[in-house]
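Undergrad: Below is a structure I'd like to ask you about.
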């Protein structure tokens with residue numbers, strides 16, 4: 001009679017022998033775990049842990065991200081905590097920097113090594129929510145025996161990437177549960193909620209990075225996708241979230257090489273100097289509620305010059 005361990009090992013061996021890595025993301029991750037990282041699915045691999053000093057340094061390297069992430073982690077845990085789940089924020093190396101969990105469930109997660117300071121990269125622990133999300137750069141759900149290491153097959157994990165203001169993968173949000181009776185519909189809802197939380201966190205990071213810029217939603221997309229542009233006073237795009245970059249095909253440092261907003265979202269632009277001047281005058285008049293003298297003072301013009309310019313427009 002085969003044991004659960006032998007069945008798990010056979011599934012992996014069959015998948016790799018049949019070339020399923022080309023057709024299945026899970027099998028592809030198993031192949032990386034076995035061939036690239038040299039892991040043995042039957043062995044219990046010790047989870048590498050950072051010291052407290054190293055953990056503090058890792059958090060510092062992320063700048064404002066951990067602080068901005070905290071309220072999002074709190075809200076996410078309020079949603080999933082009752083399902084026997086813990087919430088983890090990991091950095092781009094796979095190190096768990098922060099977590100939320102119920103004390104009654106802590107032993108299960110501590111035994112699995114899902115704790116702050118632990119490294120959950122694929123290189124260390126094979127196929128898992130955090131590591132595979134980082135390896136593939138996209139949201140993933142790794143359900144129980146889809147994990148590479150047999151020791152982790154009691155977990156179900158849903159993870160989503162968090163990108164910084166330049167669109168680079170900076171962190172991962174993960175929700176993991178050791179419950180074996182989790183309905184598929186609930187697991188799907190958890191995955192959706194994790195992804196939504198990651199996009200909200202990205203938007204907060206983006207706003208924090210461009211505090212003086214005007215935020216413009218990319219038209220034609222679901223607002224929940226987090227496609228946002230940072231626009232300066234000259235209507236030049238100086239930043240874009242990951243979703244906006246992907247949709248509009250933007251690359252590189254937009255602060256150094258800004259793009260006209262009108263070129264990207266097909267807005268009416270003032271390409272002639274007289275058109276731009278007319279727009280400035282009209283805005284000044286609107287702010288002054290039609291008072292020519294007040295509008296002239298705001299623009300540093302004499303009343304006569306203001307009248308002359310208005311007459312030309």
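Undergrad: Quick one: would you say residue 47 is at pLDDT 95 or above and assigned by TED's automatic domain parsing to the domain that holds residue 195?
TA: Judged against the criteria, residue 47 is not a match.
Undergrad: Next question, about the same structure. Residue by residue through the stretch 47-75, note down the ones that are out of contact with any helix residue (DSSP H, G or I) (no Cβ under 8 Å at 6 or more places or on another chain) and free of Cβ contacts under 8 Å to residues at least 60 places away in the same chain.
TA: Answer for the stretch 47-75, where residues must be out of contact with any helix residue (DSSP H, G or I) (no Cβ under 8 Å at 6 or more places or on another chain) and free of Cβ contacts under 8 Å to residues at least 60 places away in the same chain: 53, 56, 57, 58, 60, 61, 63, 67, 70, 71, 74.
Undergrad: In addition: Please determine, by comparing only the residues of the stretch 190-231 that are surrounded by fewer than 18 Cβ atoms within 10 Å (Cβ to Cβ) and in a strand (DSSP E or B), which one is farthest from the chain's Cα centre (by Cα).
TA: 214
Undergrad: Take the conditions crowded, with 18+ Cβ neighbours inside 10 Å, in contact (Cβ under 8 Å) with a residue 60 or more places away in the chain and under 22 Å from residue 165 (Cα atoms) and apply them to residue 91. Does it pass?
TA: It is true that residue 91 is crowded, with 18+ Cβ neighbours inside 10 Å, in contact (Cβ under 8 Å) with a residue 60 or more places away in the chain and under 22 Å from residue 165 (Cα atoms).
Undergrad: Among the residues of the stretch 175-184, is any modelled with pLDDT of 95 or more, touching a helix residue (DSSP H, G or I) at 6+ places or on another chain (Cβ under 6 Å) and surrounded by 14 or more Cβ atoms within 10 Å (Cβ to Cβ)?
TA: There is at least one residue in the stretch 175-184 that is modelled with pLDDT of 95 or more, touching a helix residue (DSSP H, G or I) at 6+ places or on another chain (Cβ under 6 Å) and surrounded by 14 or more Cβ atoms within 10 Å (Cβ to Cβ).
Undergrad: Quick check: is even one residue across the stretch 160-167 in contact (Cβ under 8 Å) with a residue 12 or more places away in the chain and within 27 Å of residue 8 (Cβ to Cβ)?
TA: yes
Undergrad: Can you say whether residue 228 is modelled with pLDDT under 90 and within 26 Å of residue 255 (Cβ to Cβ), as far as the supplied structure shows?
TA: No: the conditions fail for residue 228.
Undergrad: Which of (1) modelled with pLDDT of 80 or more; (2) surrounded by fewer than 13 Cβ atoms within 10 Å (Cβ to Cβ); (3) outside the structural domain of residue 218 (by TED's automatic domain parsing) does residue 299 not meet, given it meets every other one?
TA: Condition not satisfied by residue 299: (2).
Undergrad: Okay, next question. One residue is enough: does the stretch 78-87 have a residue meeting the conditions closer than 23 Å to residue 170 by Cα, surrounded by fewer than 19 Cβ atoms within 10 Å (Cβ to Cβ) and at pLDDT 95 or above?
TA: The answer is no; no qualifying residue exists.
Undergrad: Answer yes or no as to whether residue 187 is in a helix (DSSP H, G or I), without any contact (Cβ under 8 Å) to a residue 60 or more places away in the chain and on the phi < 0 side of the Ramachandran plot.
TA: Considered against the rule, which asks whether it is in a helix (DSSP H, G or I), without any contact (Cβ under 8 Å) to a residue 60 or more places away in the chain and on the phi < 0 side of the Ramachandran plot, residue 187 comes out as yes.
The values are calculated or read from the model by the stated rules, or taken from the named source; none is laboratory data. Remember, predicted model here, so these are calculated numbers, not experimental data. Here Cβ is always computed from backbone atoms with ideal geometry, including for glycine, and neighbour counts include all displayed protein chains.
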